[in-house]
Structure formats: C-alpha cells, structure tokens
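This report refers to the structure that appears directly beneath it.
Since every read-out is calculated from the coordinates, none of them should be taken as a lab result. Quick caveat, the model's predicted, so the values are computed rather than measured. Quick reminder, even Gly has a Cβ in these numbers, built from the backbone with ideal geometry, and neighbours come from all protein chains shown.
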Amino acid sequence: MSDEKAVSIPKQAGSTLTEDSAGDGEVLLRVSGLKKHFPIRKGLLQRQTGAVRAVDGIDFEVRKGETLGVVGESGCGKSTMGRLITRLLEPTGGTVEFEGRDITHLGVGQMRPMRRDVQMIFQDPYSSLNPRHTIGTIVGAPFKLQGVQPEGGVKKEVQRLLSVVGLNPEHYNRYPHEFSGGQRQRIGIARALALNPKLVVADEPVSALDVSIQAQVVNLLDDLQEELGLTYVIIAHDLSVVRHVSDRIAVMYLGKIVELADRESLYTAPMHPYTKALMSAVPIPDPKRRGVKSERILLRGDVPSPIAPPSGCRFHTRCWKATEVCRTTEPPLLELKPGQRVACHHPENFQDQQPQDTVLLSVAKEAAELVADEVLAESAETSAAVAAVAAEVSEAAEAPVAEDASEAAAAEDDAEAPASEDVTDGDNK
Ligand SMILES: Nc1ncnc2c1ncn2[C@@H]1O[C@H](COP(=O)(O)OP(=O)(O)OP(=O)(O)O)[C@@H](O)[C@H]1O
Ligand code: SF4
Ligand SMILES: [Mg+2]
C-alpha cells in the first residue's frame, strides 16, 4: 500500500480542506430534523396502514475534512440516513444542506452536478459490483455517467485510480470474481473517488470483510482522506471499526441520534446509557452470561420496532436508569458539555437533568440485572461527583444567594441517592 501512496493525487479544485481539518472547521453538510418514514401498505387498495420510522428527526453537521462515525444496532436507521444525505432517498421531512445549499428536494437533473461531490461506498463488495463488467468499466463508469473526459483518457485515469487504492493497474481487464473481498472493496473505493468527491459516505465499508482485511481497508480510507482532503461519514454497527478513524461519533438508536461527541469525550466520559452499553461490549441479550465479565452491560431484549417506537425516550424499555419522565417525555438532544450533545434525562458522567424523578420503572430494574455491579457503582459515583462539582460552581457563581444554591445541590444529591441504590439493589437480587 505504501508504494501506491507515492502516486500523485491531485487535490480537489479550490479545496481548503487541510486548513479546516481541525475539530470545528467549516460545515460541509448540515442536516436538520431529517426524517424518512417508509409507508406500510396493505390490501388490494394498498392503503397506508402505518409507517416504518427509519429516521425520525435527526440533526447533525459534517465539517470539512473530518470523519464522522455513525454507530448503532442493526435497524436503527444508519443506512437510511446515509441514503438520505447522499440523496439516493427522498426525505419525508427536514432538510439537507450541502455547502450551504438546500438539496433536500432537488430532482434528478438538478442533483446531477451534485452527484460528483457526494459519493457512497457500500457494505457488500460482492453485490455492489456488476459481475459482467470489467473493473476498468466499473471504475470508469462515473466518467461516462457525468460526461467527464479526464486528462489523458479514461483508461489512464482508471489505472491511476487503481494504483491509488493499492490495486495493480494491469488488472484493468479483469472481472470482479477474480478479486478477493478486500480487493473488491478497493474497487468500490476507486469508483467512489473517480470524480474527486468532497464527501464520501461509507456504509459499513468493511463489515463484509475478514477481520484481518478490515484494518487494511480502514487504513486505506484514512490515508486517502489525508492525501485528498476528503470528508467522510463512516457507518458501522459497533465502535470497533470507527473508533480509531473518527473525529466525532454519532450514536443512533431507533431512528434518533442519542449522543454526538468528539471521539475523546465519547470514550472518556460517555453520557448516554446506550453509548455506554455499546462501548462495554457487543450487546448479547442472554441472561446466562450475566456477570461473565464485570465491565459488561448487556441489553435486555431486542430493539423495539421502528413502526411503533416506545414513548418518551425510545431507549426506556431497555435502560437501567429509566424513570417515569423517560417513559413520558422525549429528552431533547442538548449540548451538555462543549462538543458533546446527548439526549437523556439521567445522563452518565453528568448532572442529572431530572433529579426530582427518582423512581425507577420496573423494566429498568430488570435491565439493571444485566449490568455489572461495577458499572452501576461507577455510574452512581460519577453522577454524584459531577453534581457536587456543579453545586460548587453554582455556589461560587451566585455568591449572594449561596445558601439557595447549596440547598438546591443538597436536594439534588438526596434525590440521586435512592435511584442509584435502587439500581444496585436490583442487581444484587
Ligand atoms: N425501503 C424500505 N422500505 C421499508 N422499510 C425499510 C426500507 N429500508 C429500510 N427499512 C426499515 O427501516 C429501518 C432502518 O433500516 P436501515 O437499513 O436504515 O438500518 P441500519 O441501521 O442500516 O441497519 P443494519 O445495521 O442492519 O444495516 C429498518 O426497520 C428497516 O427494516
Ligand atoms: S435514563 Fe431515561 S432518558 Fe436517559 S437513556 Fe435511560 S431511559 Fe432514556
Ligand atoms: Mg445498514
């Protein structure tokens, strides 16, 4: 791969991406209130009887030069989100802006010039390449589709792209079946890069590959980003793939973003219980494995259906911290710490947002049985510590009303204790 890196790769015209690669660079893509509801139709008349709320109101932005990782369990709407932002799907609601331009409802013709700038890499390198076409034809197809004549001709450009992604340019006339999974994914990457895109959305780019090959392909994406100043949205179902390459990570659950933070904050102090569960292990809903490993958080049951998502916080049917307010009121996605947005009434590593609501739901007690004692204890401890610090800060800030502030803080501490004890009790049963 390192040999190929010597191949010269022209930077994108007018790109200032290297300057913007820092955390809070210029926004390339902005998504607001984005929704995709797939209608469910029944009967002869095909009347709509309901809808799959695959993506149900999400807000985020992608900054120039960054990698945004998107993670979440199967069916939470990651691919739908990817297809919405690349406009392969028509949104049901909300807006998508690319470079400040509203592209939410652009028609096919209006989208054509945009197609050059936004490319997608798909999960399955077997089905995403036409078996009857040579890789030369496959990688060269975008030039044809866009009516672009590269300098030096299509063949030369395709061969250059093949070497950029670490393939032998002499294999131009071979067919997809002559390549391994990892090589096929490189072909997919070469095709996506053909037109010098600004944004590449990679939907589980390595999950169909052998674990030993996964790192190579991820590293290739990483190298290409640096050399070409690309911006990535990389979708994965767990954190293992995106943890090393993402600048920021969005965690999705049932069509919503529940936490969005820079990588460092997410790893050192995740705030959403679901993020914590994703980080602790791959969720295995098997009570027999309870206590196998102390840091584990196993999630109870399956992800609920996006046809009828749970009320309030959608995670409340599986969350070990869920209280009444979680069942009734949807928590908004709020920036609780600079660079860390979270949608939770009782976040981890942060002050409780609804400290008066202390009675755990019975489902929460059941869920807590699958959470390691250590995790529960740490959770109670960090929340109490954050509350104490917050109380000190507000005391200092509001010196004239210091009494009130400390009273409020004491009340908060009191309020928190029973909930935490309750959780631990549940686990000791
Ligand atoms: N074209 C469609 N028509 C109806 N429902 C759909 C369609 N595409 C996706 N869905 C549903 O929308 C939900 C979200 O699907 P999506 O493929 O976006 O999830 P995902 O997070 O990418 O999952 P996975 O990790 O399995 O790839 C699922 O319940 C899925 O069944
Ligand atoms: S504590 Fe409540 S709001 Fe937070 S994730 Fe659990 S159920 Fe949702
Ligand atoms: Mg998917």
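Take Asn173 and tell me if it is more than 13 Å from Ala194 (Cβ to Cβ), in contact with a Gly (Cβ under 7 Å, 6 or more places away or on another chain) and not hydroxyl-bearing (Ser, Thr, Tyr).
So Asn173 passes the test.
State yes or no: is Val158 buried (at least 16 other Cβ atoms within 10 Å of the Cβ) and out of contact with any Phe, Trp or Tyr (no Cβ under 6 Å at 6 or more places or on another chain)?
When the stated conditions are applied, Val158 passes them.
Quickly run through the stretch 215-241 and pick out the residues that are away from ligand 1 (no atom under 16 Å from the Cβ), in a helix (DSSP H, G or I) and polar (S, T, N, Q).
Scanning the stretch 215-241 gives Gln216, Asn219, Gln225.
Among the residues of the stretch 122-157, write down those that are of a type in the set (A, V, I, L, M) and more than 14 Å from Asn196 (Cβ to Cβ).
Once the filter is applied, which keeps residues that are of a type in the set (A, V, I, L, M) and more than 14 Å from Asn196 (Cβ to Cβ), the stretch 122-157 yields Leu129, Ile135, Ile138, Ala141, Leu145, Val154.
Tell me yes or no: at least one residue of the stretch 190-205 is over 14 Å from Asp124 (Cβ atoms), free of Cβ contacts under 8 Å to residues at least 40 places away in the same chain and not in a loop (DSSP other than H, G, I, E, B).
No: the stretch 190-205 contains no residue that is over 14 Å from Asp124 (Cβ atoms), free of Cβ contacts under 8 Å to residues at least 40 places away in the same chain and not in a loop (DSSP other than H, G, I, E, B).
Here's the yes/no breakdown for (1) within 16 Å of ligand 2 (Cβ to nearest atom); (2) crowded, with 21+ Cβ neighbours inside 10 Å:
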position: Ala202; (1), (2): no, yes
position: Asp210; (1), (2): no, no
position: Ile213; (1), (2): no, no
position: Asp222; (1), (2): no, no
position: Leu230; (1), (2): no, yes
position: Lys256; (1), (2): yes, yes
position: Thr275; (1), (2): yes, yes
position: Met279; (1), (2): yes, no
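Which residues, taken from the stretch 43-95, are within 13 Å of ligand 1 (Cβ to nearest atom), among the small types (Gly, Ala, Ser) and either over 23 Å from Asp247 (Cβ atoms) or over 13 Å from the mean Cα position of the chain (by Cα) (or both)?
Gly50, Ala51, Ala54, Ser74, Gly75
Return the residue satisfying two criteria in turn: it lies in the stretch 321-336 and is assigned to a strand (DSSP E or B) and crowded, with 16+ Cβ neighbours inside 10 Å, and of such residues it is farthest from ligand 3 (Cβ to nearest atom).
Among those residues, the one meeting the criterion is Thr323.
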